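Down below is the structure, laid out as C-alpha coordinates.
The values are calculated or read from the model by the stated rules, or taken from the named source; none is laboratory data. Fair warning: this is a prediction, and the values are worked out from it, not measured in the lab. Every residue, glycine among them, receives a Cβ derived from its backbone with ideal geometry; neighbour counts consider all protein chains shown. Each accessible area value is taken on the protein alone, full model and side chains, heavy atoms only, with ligands, DNA and RNA left out. Shrake-Rupley method; radii C 1.70, N 1.55, O 1.52, S 1.80 Å.
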Amino acid sequence: MNQENVEAVETLSNEILKYIEKTAKERAKGDITFKSIIKNITPKGYVILDESGNERTVPCCLPGLELKIMQTVWVKEPMGRLSDMHICGVAGKERR
(Lines give C-alpha, C1' and ligand atoms only; values in the text may rest on other atoms or scores of the structure.)
Protein backbone atom coordinates (compact mmCIF):
# COMPACT_ATOMS: atom_id res chain seq x y z
CA MET A 1 0.00 0.00 0.00
CA ASN A 2 1.37 3.41 -0.88
CA GLN A 3 1.58 6.34 1.55
CA GLU A 4 -1.48 8.05 0.08
CA ASN A 5 -3.65 4.98 0.69
CA VAL A 6 -2.32 4.57 4.24
CA GLU A 7 -3.22 8.19 5.02
CA ALA A 8 -6.69 7.74 3.53
CA VAL A 9 -7.32 4.63 5.63
CA GLU A 10 -6.10 6.40 8.78
CA THR A 11 -8.34 9.39 8.08
CA LEU A 12 -11.34 7.14 7.49
CA SER A 13 -10.59 5.14 10.63
CA ASN A 14 -10.35 8.32 12.72
CA GLU A 15 -13.68 9.59 11.38
CA ILE A 16 -15.37 6.26 12.11
CA LEU A 17 -14.01 6.29 15.68
CA LYS A 18 -15.24 9.88 16.20
CA TYR A 19 -18.72 8.87 15.00
CA ILE A 20 -18.80 5.83 17.28
CA GLU A 21 -17.72 7.90 20.29
CA LYS A 22 -20.33 10.60 19.56
CA THR A 23 -23.10 8.03 19.13
CA ALA A 24 -22.13 6.20 22.33
CA LYS A 25 -22.23 9.45 24.33
CA GLU A 26 -25.66 10.35 22.95
CA ARG A 27 -27.10 6.93 23.74
CA ALA A 28 -25.56 6.85 27.22
CA LYS A 29 -27.50 9.96 28.15
CA GLY A 30 -30.84 8.51 29.14
CA ASP A 31 -33.47 8.78 31.83
CA ILE A 32 -32.33 8.63 35.43
CA THR A 33 -34.75 7.22 38.00
CA PHE A 34 -33.99 7.27 41.70
CA LYS A 35 -35.72 6.94 45.07
CA SER A 36 -36.38 10.01 47.14
CA ILE A 37 -38.53 11.17 50.01
CA ILE A 38 -41.11 13.94 50.14
CA LYS A 39 -39.82 16.58 52.54
CA ASN A 40 -42.60 19.12 52.09
CA ILE A 41 -45.66 19.94 49.99
CA THR A 42 -46.09 23.43 48.52
CA PRO A 43 -48.55 24.99 46.06
CA LYS A 44 -45.80 24.65 43.41
CA GLY A 45 -45.30 20.91 43.97
CA TYR A 46 -43.55 18.34 46.12
CA VAL A 47 -40.19 19.12 47.73
CA ILE A 48 -37.85 16.13 47.34
CA LEU A 49 -34.11 15.51 47.59
CA ASP A 50 -32.29 14.96 44.32
CA GLU A 51 -29.39 12.52 43.96
CA SER A 52 -26.87 15.07 45.20
CA GLY A 53 -28.95 15.93 48.30
CA ASN A 54 -30.33 19.24 47.03
CA GLU A 55 -33.97 20.09 47.56
CA ARG A 56 -36.06 20.31 44.39
CA THR A 57 -39.72 21.15 43.94
CA VAL A 58 -41.22 18.79 41.37
CA PRO A 59 -44.67 17.84 40.09
CA CYS A 60 -46.23 14.39 40.33
CA CYS A 61 -47.25 12.85 37.01
CA LEU A 62 -49.65 10.36 38.61
CA PRO A 63 -53.14 11.87 38.37
CA GLY A 64 -55.36 11.78 41.43
CA LEU A 65 -52.62 10.50 43.73
CA GLU A 66 -52.35 12.19 47.10
CA LEU A 67 -48.79 12.03 48.43
CA LYS A 68 -47.72 12.75 52.01
CA ILE A 69 -44.66 14.17 53.70
CA MET A 70 -42.04 11.46 54.45
CA GLN A 71 -43.47 9.17 51.75
CA THR A 72 -40.88 7.42 49.59
CA VAL A 73 -41.28 8.01 45.86
CA TRP A 74 -39.57 7.29 42.56
CA VAL A 75 -38.32 10.40 40.75
CA LYS A 76 -37.42 10.53 37.07
CA GLU A 77 -35.02 12.93 35.40
CA PRO A 78 -35.70 12.52 31.66
CA MET A 79 -32.58 12.62 29.50
CA GLY A 80 -30.69 14.46 32.25
CA ARG A 81 -33.01 17.51 32.09
CA LEU A 82 -33.46 18.85 35.63
CA SER A 83 -36.29 21.12 34.50
CA ASP A 84 -38.37 18.05 33.55
CA MET A 85 -37.78 16.12 36.79
CA HIS A 86 -41.00 14.64 38.20
CA ILE A 87 -42.41 12.02 40.56
CA CYS A 88 -43.19 8.94 38.50
CA GLY A 89 -44.16 6.38 41.14
CA VAL A 90 -44.60 5.46 44.77
CA ALA A 91 -41.90 3.26 46.25
CA GLY A 92 -43.09 0.18 48.11
CA LYS A 93 -41.76 -1.17 51.34
CA GLU A 94 -38.32 -2.72 51.22
CA ARG A 95 -38.16 -6.49 51.30
CA ARG A 96 -35.52 -8.04 53.50
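When segment 23-60 is examined, which residues are found to be within 16 Å of Ala91 (Cβ to Cβ), part of a loop (DSSP other than H, G, I, E, B) and open to solvent by less than 70 Å² (accessible area, probe 1.4 Å)?
Correct list: Asp50 only.
Somewhere in segment 1-15, is a residue surrounded by 10 or more Cβ atoms within 10 Å (Cβ to Cβ), assigned to a helix (DSSP H, G or I), within 21 Å of the chain's Cα centre (by Cα) and without any contact (Cβ under 8 Å) to a residue 40 or more places away in the chain?
Scanning segment 1-15 turns up no residue that is surrounded by 10 or more Cβ atoms within 10 Å (Cβ to Cβ), assigned to a helix (DSSP H, G or I), within 21 Å of the chain's Cα centre (by Cα) and without any contact (Cβ under 8 Å) to a residue 40 or more places away in the chain.
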